[in-house]
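Below is the structure I would like to discuss, written out as structure tokens.
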Amino acid sequence: YYVNSDTGNDSNDGSEGSPVATITQAFTLIDAIEATDAGPHEVIITNDAVYNEGYLGFQPLLAVPTIVYIMGLTGSNGLPVVTPTIQGSGSSVQTRALLAGRGWIINNIKFTDWIIFPSNGIIEQRSHGYSDPTVVKNCIFTNITGSCFTVDLGSSDNGPYRVEQSVFHNIMCPTSSETAPI
């Protein structure tokens with residue numbers, strides 16, 4: 001599913017020639033077919049735009065074991081062509097940007113201006129009992145108050161995260177929180 005806030009429209013089908021305008025709509029399209037197709041599904045953002053969206057993967061709540069790759073567009077060499085931004089409010093506490101499942105790959109996305117509720121994270125992994133890690137690759141985390149990663153749904157099994165070639169800048173963990181910054 002292709003996303004482009006400049007040329008897309010949420011009434012489109014999300015194909016390369018007919019992108020949707022929001023990441024939320026791409027997840028809604030995945031939600032509509034996941035009963036018959038568990039994926040993997042790709043959400044490819046094709047512009048450098050700022051997306052003021054949160055609760056991705058939670059609203060709608062994607063079923064287990066839907067596998068999603070969410071990424072900024074890359075070239076044939078695998079290197080980033082664009083780096084889209086998923087931006088928080090910067091002024092009020094929010095719960096999460098993305099509720100991911102194990103095996104998901106988040107590639108080439110910038111997360112900025114998030115103030116995360118204690119015990120939550122920018123990216124929260126749903127513990128599904130799969131051994132595949134949630135992969136965070138070539139991402140940028142900047143101006144974050146709270147945790148960048150955490151496990152959700154009350155699980156004591158933190159499961160694996162694999163973080164590769166990502167940048168962390170200006171990450172603050174409030175002293176009243178028991179969460180770690182990463």
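Answer yes or no as to whether Asn12 is without any contact (Cβ under 8 Å) to a residue 40 or more places away in the chain, over 18 Å from Val136 (Cβ atoms), open to solvent by less than 60 Å² (accessible area, probe 1.4 Å) and part of a loop (DSSP other than H, G, I, E, B). So that I can check it myself, show each step before the final result.
Working: without any contact (Cβ under 8 Å) to a residue 40 or more places away in the chain: yes; over 18 Å from Val136 (Cβ atoms): yes; open to solvent by less than 60 Å² (accessible area, probe 1.4 Å): yes; part of a loop (DSSP other than H, G, I, E, B): yes.
Yes; evaluated as a whole, the condition is true for this residue.
Related question: Evaluate segment 58-75: report whether one residue or more is open to solvent by 50 Å² or more (accessible area, probe 1.4 Å), of a type in the set (Val, Ile, Thr), in a loop (DSSP other than H, G, I, E, B) and more than 26 Å from Ala32 (Cα to Cα).
Within segment 58-75, not a single residue is open to solvent by 50 Å² or more (accessible area, probe 1.4 Å), of a type in the set (Val, Ile, Thr), in a loop (DSSP other than H, G, I, E, B) and more than 26 Å from Ala32 (Cα to Cα).
Another question, then. Taking the condition under 20 Å from Lys137 (Cβ atoms), open to solvent by less than 40 Å² (accessible area, probe 1.4 Å) and either at pLDDT below 95 or in contact with a Lys or Arg (Cβ under 7 Å, 6 or more places away or on another chain) (or both), does Leu79 pass?
Details: under 20 Å from Lys137 (Cβ atoms): yes; open to solvent by less than 40 Å² (accessible area, probe 1.4 Å): no; either at pLDDT below 95 or in contact with a Lys or Arg (Cβ under 7 Å, 6 or more places away or on another chain) (or both): yes.
The answer is no for Leu79.
Return the total of residues in segment 51-73 being hydroxyl-bearing (Ser, Thr, Tyr) and modelled with pLDDT of 90 or more. If you could, list the steps in order and put the result at the bottom.
Step one: list which residues in segment 51-73 are hydroxyl-bearing (Ser, Thr, Tyr), which gives 51, 55, 66, 69.
Narrowing the set further to residues that are modelled with pLDDT of 90 or more leaves 51, 69.
Selection size over segment 51-73: 2.
If the requirement is being over 27 Å from Ile116 (Cβ atoms) and in contact (Cβ under 8 Å) with a residue 40 or more places away in the chain, which of these qualifies: Thr36, Thr46?
On the way: Thr36 fails: in contact (Cβ under 8 Å) with a residue 40 or more places away in the chain.
Sole residue among the options that is over 27 Å from Ile116 (Cβ atoms) and in contact (Cβ under 8 Å) with a residue 40 or more places away in the chain: Thr46.
Suppose we keep only residues that are surrounded by fewer than 19 Cβ atoms within 10 Å (Cβ to Cβ) and in contact with a helix residue (DSSP H, G or I) (Cβ under 9 Å, 6 or more places away or on another chain) within segment 30-41. Which one would you say is nearest to Cys139 (Cα to Cα)?
Ranking the qualifying residues of segment 30-41, first place goes to Gly39.
Then there's this: Can you tell me which residues in segment 28-46 are in contact with a strand residue (DSSP E or B) (Cβ under 9 Å, 6 or more places away or on another chain) and either farther than 23 Å from Gly75 by Cα or in a strand (DSSP E or B) (or both)?
Residues of segment 28-46 in contact with a strand residue (DSSP E or B) (Cβ under 9 Å, 6 or more places away or on another chain): 28-31, 33-34, 39-46.
Within segment 28-46, Thr28, Leu29, Ile30, Asp31, Ile33, Glu34, His41, Glu42, Val43, Ile44, Ile45 qualify.
The values are calculated or read from the model by the stated rules, or taken from the named source; none is laboratory data. Quick caveat: nothing in here was measured; it's all calculated off a predicted structure. Methodologically, a virtual Cβ is constructed for each residue, glycine included, from the backbone with ideal geometry; neighbour enumeration extends over all protein chains shown. Calculation scope for accessible area: heavy atoms of the full protein, side chains included, ligands and nucleic acids excluded. Shrake-Rupley method; radii C 1.70, N 1.55, O 1.52, S 1.80 Å.
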